[in-house]
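Notes to accompany the following structure.
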Amino acid sequence: MPWPVRRPAAVLSPSHSPLTSDVLHWLLLLLVLVSGWLWIQRERLRRAWIWRGLRDVQSVLQTLAEPVIVMRSHTIVSVNKAALDAFGYSSRRELEGRPVTVLMQRHDAALHGSYVRRYETTGEKRIIGKPRVVTGRRRDGSEVALMLSVSACATPGEYIGILYRQQEAE
């Protein structure tokens with residue numbers, strides 16, 4: 001008969017183990033807290049990178065010599081200085097947040113919603129990516145002949161329009 005092997009009591013009894021359930025609980029909690037903190041730091045860095053990129057793009061758009069208008073859901077969300085000058089406005093606050101149709105003649109303004117709806121439902125590009133001559137409406141109601149080029153942005157429902165004064169485009 002082989003000799004019986006004696007095992008230490010700590011190995012036989014889990015309640016006397018060095019890693020009790022309380023210690024495991026605290027280690028698990030510490031692991032969750034550290035992983036949460038690391039996730040938060042990664043998100044902060046990612047968001048800072050995105051905002052830095054957006055500021056760079058915004059800076060480029062603001063310094064372009066051509067009028068640029070960004071529209072989301074039929075509303076002007078951004079204009080540059082050249083657009084303000086072309087339409088006779090003195091500050092971005094006068095245009096941002098207003099319907100883009102304030103810059104159009106009545107006929108074009110009435111059709112604008114149907115143009116956008118058709119593109120968003122069918123994907124058919126009748127105006128997107130195809131420069132065309134339009135007549136804009138200045139703040140004082142006078143007309144300005146423009147060449148308009150519209151592009152769809154990556155965000156659904158967001159569009160960017162770049163305008164050229166008609167005499168400059170020719």
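Brief remarks follow.
- Lys81/Arg52 FRET efficiency (R0 22 Å; Cβ-Cβ; nearest 0.05): 0.50
- Share of carbon and sulfur in the accessible heavy-atom surface of the chain [1.4 Å probe, %]: 61 percent
- Residues of the chain: accessible area per residue with a 1.4 Å probe, Å²: 73 Å²
- Structure-derived Cα extents along the principal axes in Å - corresponding label in (1) 44, 36, 29; (2) 109, 35, 26; (3) 64, 29, 17: (2)
- Candidates Leu163, Leu30, Val57 compared by Cα position along the dipole of the chain: farthest toward the positive end lies Leu30, with charges placed on Cβ.
The values are calculated or read from the model by the stated rules, or taken from the named source; none is laboratory data. These numbers come from a predicted model, not from an experiment. Neighbour counts are summed over all protein chains in view; Cβ atoms, including those assigned to glycine, are modelled from backbone coordinates with ideal geometry. Heads up: the accessible areas ignore ligands, DNA and RNA and are worked out on the full protein's heavy atoms, side chains in. Shrake-Rupley method; radii C 1.70, N 1.55, O 1.52, S 1.80 Å.
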